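Shown next, in structure tokens, is the structure this report addresses.
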Amino acid sequence: MANRHNLLNGPEPAEFRQKLKIIIIVILVAFSILLVRLWYLQVIKGDDLKQRSENNSIRFRKIMPLRGLVMDRNRHVIVDNRPSFDVLYMPSRGKNPDRLVEKIKELYSRRSLEFSYDQPFSRQMKPYLPVRLEKNVSMEKIALIETNSLDLPGIYIDVSPVRLYLDGETIAPIIGYTGEISKEELEKDDEYASGDIIGKHGVEKFLDPYIRGSRGAELVEVNAYGKEIKNLGRIDPISGYNIVLNIEADLQKTAWEAFEGRSGAAVALDPRNGAVLAMVSSPSFDPNLFNSGVSGEQWNKIANNPLTPLTNRAISGQYPPGSTYKMIVAAAALEEGIITPDTKFACDGSYQFGNRIFRCWQKKGHGHVSLHRALVESCDVYFYNVGRMLGVDKIAHYAKLFGLGGTTGIDLPNEKSGLIPTKQWKLTKMKQVWQPGETISISIGQGFDLVTPLQLVSSYSALANGGTLWQPQLVKSVETVEGKVYKEFLPEQKGKLSLKKETIDLLGSALWGVVNEPGGTGKAAQRPNADVCGKTGTSQVVGLPENEKSRRMKKIGVLQRDHALFVCFAPLKNPEIAVAVIVENAGHGGAVAAPIARKILDAYFEGKKKIKQPQEAVSSQPAGSVQQ
């Protein structure tokens, strides 16, 4: 009965009080721990947690500046900017980037789209430093990312400017291209930051400090899904300076099209001041390809192309000058008194020196020729005689006076100096004594001689203008966005030809004859309305056997065929334009290079007419009249 009473009436009061006390103690301890934790989080760690919270909701974003425009001499824009939409990943928003990438690939695969990012993610990624997954993506990819943003935490679309090369491969070796700065480049210049876009080649690289502008930045508040809510502050970027070139865009296009896909280079200069009017290097590349980020496979395809499309042949291609060198040998012989204009040599098609026979390009020979006809008909035997009498060091002295054997100083990177050999050069370089027979090859621009197309046209420009060697200038001015001139590149004299006026006049007359007289090798460059003066050249890439039969029978690969050259200026009096053309492995200069030069000259003089006619129309209006 006692047990039944205890069950009905519950525990004794003393026992209940004991259990209640234990419960209260547990609750108090729990509350104490909670209070201590709250105090620790709010007081000790409060500032740190507040900063983390703000970082989770505020994104710092760099704003890339617009690079300066590039324009031709007539202010025709040839390089502009356009928006690029990039896919970025913010590590603080996405916990598993590899899984996110797989999701993007799955989305793309449904539309048969490729995902270009193929690099492993670093384990040391900074939480608030975005990683660019794709650059310059299509609108279709943008739509896929945006519509699936809830399933792609940390992935977002950003907008940045990229270059738009309006003339593409036509002018690419000059203009170059841009790309994201590499680690090596970043270590060399502390003015740049990771992710900056810089010039990698050509004008883009050479004038990058002017073109690039200054970065901006902004703070943006975002929600839990990374979507922007509001802008908290902004520093606007500063656009780069605009560049005005001496290049004439229509002339450049004509020169490019004239090559018809063949390898080589052409340069057109204004002999009055050294301004570069056109500069072509073929084959070329499309600089717009680099806007999307070139893959390793694409880069290897371009960089390892045996035709080297990234090389600017106009300033870096080094070629034997062939018969275009005869003008310089003639100048040296006249100045040194080795010959007179009336000195004649007999040419029967060959020249024997010791036990070796040097042949003329004309098998039957040219007969007895003086200097004028020797240049007009490009007689090799005449210059074999003259070269032997001069000697290699005298020839080299005058070649260097004309600017050969050294860089011109043009405002482009990677210019080569070519080579003008001397006795001392061979002794130092090859540990061998100069042989007299080597001078005979040198006298017609073969052997060790190497020049660039730019050097060649610069040397002929100096003869054309009466003896002033100008530094070639590609850039005319640097301007502000408002069009005010910030820096002007004035003509700069590099040297002076110490030639008598009689020598210059004799050479000019002979070069006129090359194009305009019967038997001249440059007839293909003849124009009815302009006095073109020029010199053809054909330079051997490999030597051929002396026996004529074996010469004909020998099968030569395309890349071992002769180069075709032509250098000219026009008109004879007060020349306005000088042109050098080299077509690789194409044969005779008169047949291949001269017609290209003719097209360039035609385009130049036709272009002058188009500019002149509107001016005359305006000036012909009566005083006080209004043109309708």
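Quick notes on this structure:
- Calculated [222 nm] ellipticity per residue, helices only, for the chain: -10500 deg cm²/dmol; basis is -39500 (n - 2.57) per DSSP H run with n ≥ 4, divided by all residues, nearest 500.
- Between the stretch 92-168 and the stretch 386-408, the alpha-carbon center distance in angstrom: 59
- Fewest-first ranking of Thr408, Thr452, using other Cβ atoms within 10 Å as the exposure measure: Thr408, Thr452
- Between the amide H of Ile247 and those of Arg73, distances stay under 5 Å, these residues lying 5 or more places away or on another chain, with hydrogens modeled in the peptide plane.
- Taking the longest Cα principal axis of the chain as reference, the axis of helix 13-39 is set at about 20 degrees.
- Förster radius 41 Å - calculated FRET efficiency between Asn304 and Tyr40 (Cβ-Cβ, nearest 0.05): 0.10
- Summed side-chain charge close to Leu307 - residues other than Leu307 whose Cβ falls under 14 Å, Lys, Arg +1, Asp, Glu -1: +1
- Computed 3J(HN,Hα) for the stretch 562-569, one whole-Hz value per residue from the Karplus formula 6.51 cos²θ - 1.76 cosθ + 1.60 where θ = phi - 60°, is 5, 8, 9, 10, 7, 10, 8, 8, glycine and proline marked x.
- For Leu133, residues with placed amide H under 5 Å, excluding near neighbours: Val87, Leu88, Tyr89
- The slack in the chain from Asn355 to Ser116, taken as 0.36 nm per residue of separation less the alpha-carbon distance, amounts to 79.6 nm.
- Net charge dipole size for the chain [Lys, Arg +1 and Asp, Glu -1 on Cβ; Debye, nearest 20]: 960
- Placing unit charges on each Cβ (+1 for Lys and Arg, -1 for Asp and Glu) gives the chain a dipole about its Cα centre, and among Gly537, Leu419, Val386 the Cα reaching farthest toward its positive end belongs to Leu419.
- Charges were assigned to the Cβ only: +1 to each Lys and Arg, -1 to each Asp and Glu. The resulting dipole of the stretch 280-410 about its Cα centre is roughly 340 debye.
- The stretch 416-494 versus the stretch 245-304: alpha-carbon centroid distance in Å: 20
- If R0 equals 35 Å, the separation of the Cβ atoms of Thr340 and Lys608 corresponds to a calculated FRET efficiency of about 0.35.
- Distance from the C-alpha centroid of the stretch 507-521 to that of the stretch 177-208: 49 Å, rounded to the whole angstrom.
- Nearest-ten-degree value, helix 326-335 long axis tilted from longest Cα axis of the chain: 60
- Extending 7 Å from the Cα toward the beta-carbon at both Lys19 and Ile238 defines two label points whose distance is 8.0 nm.
- Checking [x] 37.0; [y] 34.8; [z] 51.1 against the coordinates, the calculated mean projected area of the Cα convex hull in nm² falls under label [z].
- Magnitude of the charge dipole, the stretch 240-320, Cβ model with Lys/Arg +1 and Asp/Glu -1, debye to 20: 200
- Shape of the stretch 87-214, Cα gyration tensor, a/c cut at 1.5: oblate
- Cross-linked pairs Lys200/Lys416; Lys205/Lys609; Lys95/Lys205; Lys363/Lys523; Lys95/Lys135; Lys487/Lys608: Cα-Cα separations exceed 29 Å for Lys205/Lys609; Lys95/Lys205.
- Multiplying the residue separation of Gln435 and Glu180 by 0.36 nm and subtracting their alpha-carbon distance yields 86.6 nm.
- Residues Met279, Met430, Met327, sorted so that the one with the fewest Cβ neighbours within 10 Å comes first: Met430, Met327, Met279
- Think of the stretch 78-224 as having a plus end and a minus end, set by charges on the Cβ of Lys, Arg, Asp and Glu; of Tyr156, Ser194, Tyr210, Tyr156 sits farthest toward the positive end of this dipole.
- Maximal additional length on extending the Met125-Phe31 stretch stands at 29.9 nm, based on 0.36 nm per residue less the C-alpha distance.
- In range of the label at Ala143: residues from the stretch 110-124 whose backbone nitrogen is under 16 Å from the point 7 Å along Cα→Cβ: 110-114
- Sites Glu106 and Lys364, calculated FRET efficiency, Cβ-Cβ separation with R0 60 Å, nearest 0.05: 0.20
Taken together, the values in this text are just the output of simple stated rules run on the coordinates, not laboratory data. The model shown is predicted, which means the values in this text are computed figures rather than measured ones. No Cβ is skipped: glycine too gets one built from the backbone with ideal geometry, and neighbour counts run over all protein chains shown.
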